[in-house]
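The values are calculated or read from the model by the stated rules, or taken from the named source; none is laboratory data. The shown structure was predicted, so the numbers you read here are calculated from the model rather than taken from an experiment. When we count neighbours, we look across all protein chains shown, and the Cβ atoms used for this are built from the backbone with ideal geometry, even at glycine. Side chains are part of the model used for accessible areas, which takes the heavy atoms of the whole protein and leaves out ligands, DNA and RNA. Shrake-Rupley method; radii C 1.70, N 1.55, O 1.52, S 1.80 Å.
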Amino acid sequence: MTVENGPAVTEQAAHRQPTFHFDRHTAEYREQFGDITRDMQEKCPVAWSETYDGHWVAAGNREVFELARCPHVSNENDFDNTRRGYKGISIPTPARARGVRGGILEMDGSEHRELRGALNPYLSPAAVNRWIPFVDEVVRAALDEKIESGRIDFVDELANIVPAVLTLAMLGIPLKKWVVYNEPVHAAVYTPPDSPDIDRVTALHAEMGRDLLTNYFEVKQNPRPGMIKAVAQSTMNGEPLPDMEALGMLGLIIGGGFDTTTALTAHSLEYLGQNPDSRELLSKERDLILDSATEEFLRYYTPAPGDGRTFDADVEVAGKEFKEGERLWLSWAMANRDPSIFENPDEIDLERKGNRHYSFGLGVHRCIGSNMARMVFKRMLLAVLDRMPDYVCDEEATVHYDTIGVIQGMRHLPATFTPGPRIGAGLDETLEKLQQICDEQQLAEPVTVRKDQAQI
């Protein structure tokens, strides 16, 4: 990919310079991410790309910071074409999401503040701490399913399961339904529209949608603890939240709760499998470096690589002119590799200090689930280090997502290890027990109602 300062530009688009052919949805972008990032940061940290009807791309750390915090950069998704016609955070707009916007991530101003405020009591540090014993039990059961065999797929048999179960528990959806939600959430990201598997994935997604809709209307009629209740009873501009807006918010919670944490965990386990010295160091010095290692894995792998925006006014930011209505891609992933901010940015340093990465975004739209993501990741990682300390990943059978345009994820990470003993019940039996505990202890209540940790 090269910078193209073409002379043939229209007068109204004369400011769209330099241009850079940027397509994050290609396999080339995943395979050459480091080279493309360096090329842009050295030559054009903000550039115009003609792909997907044309949009700006911000790759430099300083430029991403300034643009993300600019008050004239909008997240709004005018999905019903009643306002300004802006198209939210996805470039291009996905076909399956044209009739609904993605919750608070595609809202601005008072709408965003009002609905975000309704969810904060479920996702604050204190609220997250309450779920640790629950997460540990799900992790334990998932590992017990495989511990005697000496074989596991860290994606399918651990990292997919735990975030899914926890997310449903927090929503107030029966835990056993995780199998209904798990595959379509991930497959919706990694299955391209022309895949021969798209009809099956679409059918799974429809089944998931029907179940979510059923739970939503059940909770509206007979409230039970959980974030579905919080969303169903929330307001927008002082009025009851419309059902389509509520479903968009629930879809955001599910998408954010599932695939991103799975992706971070899988990539981190892959790296530690390839670097046993780092794995041993992290295991032995966990009290000292687990936090810094977590932030470094977040920086390096950036599970959600970026977000789209729309300029809502003519404005000059980071030394460039932008026009109202123009689209912008903020690359958190590329900003996280900027050598002007991070020493040796293309290397993983588990003890990196001052790691101000952008993997959870910036500004008022920063990821509301960041506390939960960190906690779940750490609990899964520590359990693997303790119970499967000598695991070896099967590199030939490992499968990454073909592209990283939406999520930098993995489909399979098989590994072998020295077998060990089970220490408890299997997954199905454990989920039955945990469902009872959720119901009896009202674990899905907001932290303003229930503060104590789960008692398992």
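Residues that are in contact with a His (Cβ under 9 Å, 6 or more places away or on another chain) and within 16 Å of Leu362 (Cα to Cα) within the range 322-340 comprise Leu328, Trp329, Trp332, Ala335, Asn336, listed in sequence order. Can you find a residue that is assigned to a helix (DSSP H, G or I), open to solvent by less than 20 Å² (accessible area, probe 1.4 Å) and in contact (Cβ under 8 Å) with a residue 24 or more places away in the chain anywhere in the range 350-365? There is no residue in the range 350-365 that is assigned to a helix (DSSP H, G or I), open to solvent by less than 20 Å² (accessible area, probe 1.4 Å) and in contact (Cβ under 8 Å) with a residue 24 or more places away in the chain.
Taken over the range 37-54, the criterion of being surrounded by fewer than 20 Cβ atoms within 10 Å (Cβ to Cβ) and in contact with a helix residue (DSSP H, G or I) (Cβ under 9 Å, 6 or more places away or on another chain) is satisfied by Gly54 alone. When the range 431-445 is filtered for residues that are open to solvent by less than 20 Å² (accessible area, probe 1.4 Å) and either aromatic (Phe, Trp, Tyr) or not in a helix (DSSP H, G or I) (or both), the ones remaining, listed by number, are Leu443, Ala444. Residues that are surrounded by 12 or more Cβ atoms within 10 Å (Cβ to Cβ) and either of a type in the set (Gly, Ala, Ser) or assigned to a loop (DSSP other than H, G, I, E, B) (or both) within the range 234-250 comprise Ser234, Leu241, Ala246, Gly248, listed in sequence order.
Looking across Pro339, Pro389, Pro345, one residue alone is over 30 Å from Arg113 (Cα atoms), open to solvent by less than 20 Å² (accessible area, probe 1.4 Å) and in a loop (DSSP other than H, G, I, E, B). It is Pro345. Within the range 211-233, can you find the residues that are open to solvent by less than 10 Å² (accessible area, probe 1.4 Å) and either assigned to a helix (DSSP H, G or I) or touching a Phe, Trp or Tyr at 6+ places or on another chain (Cβ under 6 Å) (or both)? Answer for the range 211-233, where residues must be open to solvent by less than 10 Å² (accessible area, probe 1.4 Å) and either assigned to a helix (DSSP H, G or I) or touching a Phe, Trp or Tyr at 6+ places or on another chain (Cβ under 6 Å) (or both): Asn215, Tyr216, Val219, Met227, Ile228, Val231. Of all the criteria given as (1) closer than 18 Å to Met372 by Cβ; (2) of a type outside the set (A, V, I, L, M, F, W, C); (3) surrounded by 17 or more Cβ atoms within 10 Å (Cβ to Cβ), the one not satisfied by Asp291 is (3).
From Arg69, Arg62, Arg140, Arg116, grab the single residue that is in contact (Cβ under 8 Å) with a residue 60 or more places away in the chain, open to solvent by 10 Å² or more (accessible area, probe 1.4 Å), closer than 30 Å to Cys393 by Cα and in contact with a helix residue (DSSP H, G or I) (Cβ under 9 Å, 6 or more places away or on another chain). When all the criteria are applied, what remains is Arg140. Report yes if some residue within the range 397-414 is in a helix (DSSP H, G or I), touching a Ser or Thr at 6+ places or on another chain (Cβ under 6 Å) and open to solvent by less than 40 Å² (accessible area, probe 1.4 Å); otherwise report no. Checked the range 397-414: no residue is in a helix (DSSP H, G or I), touching a Ser or Thr at 6+ places or on another chain (Cβ under 6 Å) and open to solvent by less than 40 Å² (accessible area, probe 1.4 Å).
Exactly one residue out of Leu264, Leu272 is in a helix (DSSP H, G or I), modelled with pLDDT of 95 or more, out of contact with any Ser or Thr (no Cβ under 7 Å at 6 or more places or on another chain) and farther than 19 Å from Ile341 by Cβ, and it is Leu264.
Candidates in the range 192-210 are the residues that are of a type in the set (A, V, I, L, M) and surrounded by fewer than 13 Cβ atoms within 10 Å (Cβ to Cβ); of these, the one that is nearest to Lys177 (Cα to Cα) is Ala206. Just the residues that are part of a loop (DSSP other than H, G, I, E, B) and crowded, with 20+ Cβ neighbours inside 10 Å, please, taken from the range 303-322. Selection gives Pro303, Ala304, Pro305. Does Thr418 fit the bill of being open to solvent by 70 Å² or more (accessible area, probe 1.4 Å), at pLDDT 95 or above and more than 21 Å from the chain's Cα centre (by Cα)? So Thr418 fits the description; yes. Taking the numbered list (1) in contact with a helix residue (DSSP H, G or I) (Cβ under 7 Å, 6 or more places away or on another chain); (2) assigned to a loop (DSSP other than H, G, I, E, B); (3) closer than 27 Å to Ile289 by Cβ in turn, Met375 passes all entries but (2).
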